[in-house]
Every structure is written in C-alpha cells, then in structure tokens.
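The values are calculated or read from the model by the stated rules, or taken from the named source; none is laboratory data. Being a predicted model, the structure only gives us computed values, none of them experimental. Using ideal geometry, Cβ is built from the backbone for each residue, glycine included, and neighbour counts are taken over all protein chains shown.
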Amino acid sequence: MERREEELIKRHLNTNDELRSLYLEHLELKQKLDQLRHKEPLSPADEIETKRIQKVKLAQKDRMMEILSRLQHGAAR
C-alpha cells in the first residue's frame with residue numbers, strides 16, 4: 001500500500017467503522033504474511049496460506065480504496 005493511501009485511510013479510521021475493521025485486519029494479515037515469508041522452506045500448506053492471504057489482502061485493499069473514494073467524493077460536495 002502506498003504511503004499516500006495509508007495516510008488517507010488513517011485520516012478516516014475514527015469516522016468509518018468498516019474502513020477501520022478492514023485496515024486492522026489488513027495489518028494482521030500483513031504480519032502473518034511477513035512471518036511466512038521468513039520461514040524456510042515453505043511447506044505446501046504454507047504456500048497455499050501465503051496465496052490465500054495475498055488474495056484476501058488485495059480484496060481488502062480494493063474495498064478500502066472504494067470506501068476512501070466514496071468518502072472523498074462525499075466530502076467534496
């Protein structure tokens with residue numbers, strides 16, 4: 001996630017429960033992914049879990065970006 005995106009998200013965490021929930025889960029998954037990446041060698045189950053986490057994180061990021069877009073367009077009105 002880019003720094004600008006993360007700053008925007010942090011700015012809205014106190015006003016949007018869904019965004020806060022997604023962001024906190026996103027951080028937890030990032031930590032799990034980092035732990036898996038430092039594990040050598042990865043078992044087949046770890047490889048599957050890594051792919052699953054990456055997909056969930058991407059879906060969460062997409063949803064967070066949708067929420068941010070909606071919040072920014074609403075604030076611009």
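Numbers for the structure displayed
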{"read-out": "All positions within the range 39-51 that are surrounded by 12 or more Cβ atoms within 10 Å (Cβ to Cβ) and part of a helix (DSSP H, G or I)", "value": "D46, E47, E49, T50"}
{"read-out": "Yes/no for Q31 being of a type in the set (S, T, N, Q), modelled with pLDDT under 95, loosely packed, with under 13 Cβ neighbours inside 10 Å and in a helix (DSSP H, G or I)", "value": "no"}
{"read-out": "Conditions (1) exposed (fewer than 11 other Cβ atoms within 10 Å of the Cβ); (2) farther than 18 Å from M1 by Cα; number of the one not met by L36", "value": "(1)"}
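Here's the yes/no breakdown for (1) of a type in the set (A, V, I, L, M, F, W, C); (2) touching a residue at least 40 places away in the same chain (Cβ under 8 Å):
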site: L29; (1), (2): yes, no
site: H38; (1), (2): no, no
site: T50; (1), (2): no, no
site: I53; (1), (2): yes, no
site: K61; (1), (2): no, yes
site: S69; (1), (2): no, no
site: G74; (1), (2): no, no
